[in-house]
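*Asks:* So that we are looking at the same thing, I have put the structure below in structure tokens.
The values are calculated or read from the model by the stated rules, or taken from the named source; none is laboratory data. Here the structure is a predicted model, which is why all the values come from computation and not from measurement. Methodologically, a virtual Cβ is constructed for each residue, glycine included, from the backbone with ideal geometry; neighbour enumeration extends over all protein chains shown. Quick note on the areas: whole protein, heavy atoms, side chains included, nothing else; ligands and nucleic acids left out. Shrake-Rupley method; radii C 1.70, N 1.55, O 1.52, S 1.80 Å.
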Amino acid sequence: MAEDLKLVTGSKSEKYENLLPQLFALCEGEEDQIANLANSAAALKEAFNWWWVGFYIVRGDELVLGPFQGPVACTRIKKGKGVCGSAWEQKKVLLVPDVEQFPGHIACSSASKSEIVVPLIKDGEVVAVLDVDSEFPDFFDATDALYLEKLQAFLVSTCF
Ligand code: SME
């Protein structure tokens, strides 16, 4: 397929329903992890214009910064630390409507007000996390969790 996205206006669900098949088509047939994670971050940024979107990849006992779109970010996060390290430890999606209320939140950017972190889980183990930050409070909800979970499942099956 051509490497450009056809984006739509509409509800959040409509945007995800439009975007994910195009992103899956872009990644299918490509097994390189960096390539697929990079295009995933870019596609999500292009479609939703979030403040920050990207991946942290499990390397030993740490998460290490992977492909992302947005301002520069911290490079290493320990298991159990911050929202990302907590999602890793708990093996579940964490929705944080107000980052200042999350104990141990790691403020890579003072502009970030709310966050969702979706762990990528292969054979019961977290292999990476998808982290999305918004400059607006209470920005993410169950719809984001639903579709980002579909994306994580696809990425795990494709490039982990
Ligand atoms: N806020 C995250 C750290 C990563 S940055 O937001 C990109 C956390 O608390 O884990």
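*Asks:* Let me confirm something: among Thr158, Thr143, which residue is closer than 27 Å to Leu23 by Cα, in contact with an Asp or Glu (Cβ under 9 Å, 6 or more places away or on another chain) and polar (S, T, N, Q)?
*Replies:* Thr158
*Asks:* Would you mind telling me which numbered condition in (1) in contact (Cβ under 8 Å) with a residue 60 or more places away in the chain; (2) more than 11 Å from the ligand (Cβ to nearest atom); (3) open to solvent by less than 20 Å² (accessible area, probe 1.4 Å) Asp32 fails?
*Replies:* Condition not satisfied by Asp32: (3).
*Asks:* Kindly provide the set of residues from segment 1-29 that are in contact (Cβ under 8 Å) with a residue 60 or more places away in the chain and part of a loop (DSSP other than H, G, I, E, B), ordered by number.
*Replies:* Glu28
*Asks:* I'm trying to understand the selection: among the residues of segment 36-62, which are under 19 Å from Asp138 (Cα atoms), open to solvent by 30 Å² or more (accessible area, probe 1.4 Å) and away from the ligand (no atom under 12 Å from the Cβ)?
*Replies:* Once the filter is applied, which keeps residues that are under 19 Å from Asp138 (Cα atoms), open to solvent by 30 Å² or more (accessible area, probe 1.4 Å) and away from the ligand (no atom under 12 Å from the Cβ), segment 36-62 yields Lys45, Phe48, Asn49.
*Asks:* Please enumerate the residues belonging to segment 83-111 that are in contact (Cβ under 8 Å) with a residue 40 or more places away in the chain, surrounded by fewer than 20 Cβ atoms within 10 Å (Cβ to Cβ) and away from the ligand (no atom under 12 Å from the Cβ).
*Replies:* The answer is Leu95, Pro97, Asp98.
*Asks:* Does Lys150 meet the test of being touching an Asp or Glu at 6+ places or on another chain (Cβ under 9 Å) and open to solvent by 70 Å² or more (accessible area, probe 1.4 Å)?
*Replies:* It is false that Lys150 is touching an Asp or Glu at 6+ places or on another chain (Cβ under 9 Å) and open to solvent by 70 Å² or more (accessible area, probe 1.4 Å).
*Asks:* Test each condition in (1) touching a Pro at 6+ places or on another chain (Cβ under 6 Å); (2) basic (Lys, Arg); (3) under 20 Å from Ala38 (Cα atoms) for Lys113 and report the one that comes out false.
*Replies:* That leaves (3) as the condition not met.
*Asks:* Name the pairs: first residue in segment 53-64 and farther than 13 Å from Leu155 by Cβ, second residue crowded, with 19+ Cβ neighbours inside 10 Å and of a type in the set (Ser, Thr, Tyr), Cβ to Cβ under 6 Å, at least 6 apart or on different chains?
*Replies:* Filtered contacts from segment 53-64: Leu63/Tyr56.
*Asks:* State which residue pairs qualify: first residue closer than 16 Å to Ala41 by Cα and away from the ligand (no atom under 16 Å from the Cβ) and inside segment 127-145, second residue part of a strand (DSSP E or B) and open to solvent by 60 Å² or more (accessible area, probe 1.4 Å) in any location, beta carbons under 9 Å apart, and separation of 6 or more residues or different chains.
*Replies:* Ala145/Leu95
*Asks:* Quick one: in segment 63-80, which of the residues that are surrounded by 18 or more Cβ atoms within 10 Å (Cβ to Cβ) and not hydrophobic (A, V, I, L, M, F, W, C) is nearest to the ligand (Cβ to nearest atom)?
*Replies:* By that ranking, first place goes to Gly70.
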